[in-house]
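Engineer: Below is the structure I would like to discuss, written out as structure tokens.
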Amino acid sequence: MSEIIVTSDSTCDLSPELIESRGIRIMSLSVMLGSQTFRDGIDIVPQDIFRYFDETQQLPKTAAPSVEEYAEFFKQFTDEGKTVIHVNISSKASGSYSFAKTAAERFGGKVFAVDSHALSTGQGLLVLKACDLRDEGKSAQEIYDTVLSLRDKVNTSFIPDTLLYLYKGGRCSTLSYYGSKVLSIHPMIDMKDGQLYPKRKYIGKMSRCIKNYINDLVADYPAYDKCRCFVTHSNADPELVELAKSMVKELFHFDEILETVAGSIITSHCGRNTLGVLFISE
């Protein structure tokens, strides 16, 4: 059995099947609905977020684990003689990396904390790449160095159906929100240097916007890692998901196309029907 274990924040949005089959261990972030606190991926689902928002018109609050919680999480593996590669959500989206890094420093080089510069399955792609390298017999240092070299090659982008959640969360201006409602604008949200920003604007129905989005990805990324791709969504309409998957299958050449549903942390910020196609470029 490998002496290296790969762990991640719950914001990687990998499916339970993938997590189990690759031996990944997950550190859950917290979601607060009013006075109640839940653990992302454990005792809350995106439908709870939608219901809470519909009833209160308020977004949930989210929180990263503390330094002590990360230290306790890592200790269970180092006590077994394991070296840990932990992949965090982007440091510009959460305090998770800062807390994990501080905790990692207690373990004398046995824990490597990675700022993914990504979120959702953009982060998940790096988690799985770390697993690939572990299974190839690479050392912890080699895995850490390789993942760091890849993080800014990850295409982490998505299209929200509505800007309401981003607007309520202070990530979208009042003008942009109301303009999107009137003109039926769906922005392409991308990540650069670990931070979200609007890259393009599409107009019309979501189906049309998704077609244009995927065609633009084809043009933007002529060279890419063909190992895997994620079609990740926040409980999007089935026809939109199938449209995206069929286009990706036709226009790209990935060994596998994986569909995942975004967890509660990501859903809290983007809302229902958001969809993204995520992969590593070359």
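Engineer: Please find, in a Gaussian network model of the chain (springs between Cα atoms separated by less than 10 Å), the residue of SER96, SER184, SER149 whose mean-square fluctuation is greatest.
Structural biologist: SER149
Engineer: In square nanometres and to one decimal, what's the mean projected area of the convex hull around the Cα atoms of the chain?
Structural biologist: 14.2
Engineer: Nearest 0.05, what FRET efficiency do GLU68 and SER15 give at R0 = 41 Å with Cβ-Cβ as r?
Structural biologist: Efficiency at R0 = 41 Å is approximately 0.90.
Engineer: List the residues whose amide H sits under 5 Å from the amide H of PHE254, counting only those 5 or more places along or on another chain, with H placed 1.01 Å from N in the peptide plane.
Structural biologist: Those qualifying (amide H under 5 Å, at least 5 residues apart or on another chain) number zero.
Engineer: Right, here's the next one. Once phi is turned into θ = phi - 60°, what whole-Hz ³J(HN,Hα) does the Karplus curve with 6.51, -1.76 and 1.60 give for every residue of the range 238-251, x standing for Gly and Pro?
Structural biologist: Values per residue, Gly and Pro as x: x, 5, 5, 5, 5, 4, 4, 5, 5, 5, 4, 4, 6, 9 Hz.
Engineer: In Å², and per residue, what accessible area does the chain have when probed at 1.4 Å with the other protein chains present?
Structural biologist: 45
Engineer: Hey, what do the phi angles of the range 112-117 turn into as Karplus ³J(HN,Hα) couplings, whole Hz, using 6.51/-1.76/1.60 and θ = phi - 60°, x for Gly and Pro?
Structural biologist: 10, 9, 10, 7, 5, 6
Engineer: Please work out the C-alpha center-to-center distance from the range 182-244 to the range 58-81 and express it in whole Å.
Structural biologist: What the calculation gives is 32 Å, centre to centre.
Engineer: Tell me, what HN-Hα J-couplings in whole Hz come from the Karplus equation 6.51 cos²θ - 1.76 cosθ + 1.60 at θ = phi - 60° for each residue of the range 192-209, using x for Gly and Pro?
Structural biologist: 9, 6, x, 10, 7, 7, x, 9, 9, 10, 10, 10, x, 5, 4, 4, 5, 5
Engineer: Right, here's the next one. Past 25 Å, Cα to Cα, is the threshold; run LYS92/LYS226; LYS129/LYS245; LYS101/LYS192 against it and keep the listed order.
Structural biologist: Violating the 25 Å Cα-Cα cut-off are LYS92/LYS226.
Engineer: A further question on this structure: Just add up the charged neighbours of SER28: K/R +1, D/E -1, any other residue whose Cβ is under 10 Å from the Cβ of SER28.
Structural biologist: -3
Engineer: Antiparallel DSSP bridges in the chain: what percent, to the nearest 5?
Structural biologist: 55
Engineer: Same structure, new question: Rounded to the nearest 0.05, what FRET efficiency do SER98 and GLN76 have when you use their Cβ-Cβ distance and R0 = 22 Å?
Structural biologist: Computed FRET efficiency for SER98 and GLN76: 0.55.
Engineer: Could you tell me which trypsin sites (Lys or Arg not before Pro) in the range 218-281 are loop residues by DSSP with no more than 16 other beta carbons within 10 angstrom of their beta carbon?
Structural biologist: LYS226
Engineer: Once amide H atoms are built 1.01 Å from N in the peptide plane, which residues 5 or more positions from HIS117, or in another chain, come under 5 Å H to H?
Structural biologist: Amide H neighbours of HIS117: SER90, SER91.
Engineer: Sticking with this structure for a sec: Of the heavy-atom accessible surface of the chain (probe 1.4 angstrom), what whole percent is carbon and sulfur?
Structural biologist: Looking at the chain in its full context, I get 50 percent from C and S.
Engineer: Under 18 Å from a label point 7 Å along Cα→Cβ of THR56: give me every residue in the range 253-281 with its amide N that close.
Structural biologist: 264-272
The values are calculated or read from the model by the stated rules, or taken from the named source; none is laboratory data. The model shown is predicted, which means the values in this text are computed figures rather than measured ones. Heads up, the Cβs are rebuilt from the backbone with ideal geometry, glycines too, and the neighbour counts pull from every protein chain shown. For accessibility, only protein heavy atoms count, side chains too; no ligands or nucleic acids. Shrake-Rupley method; radii C 1.70, N 1.55, O 1.52, S 1.80 Å.
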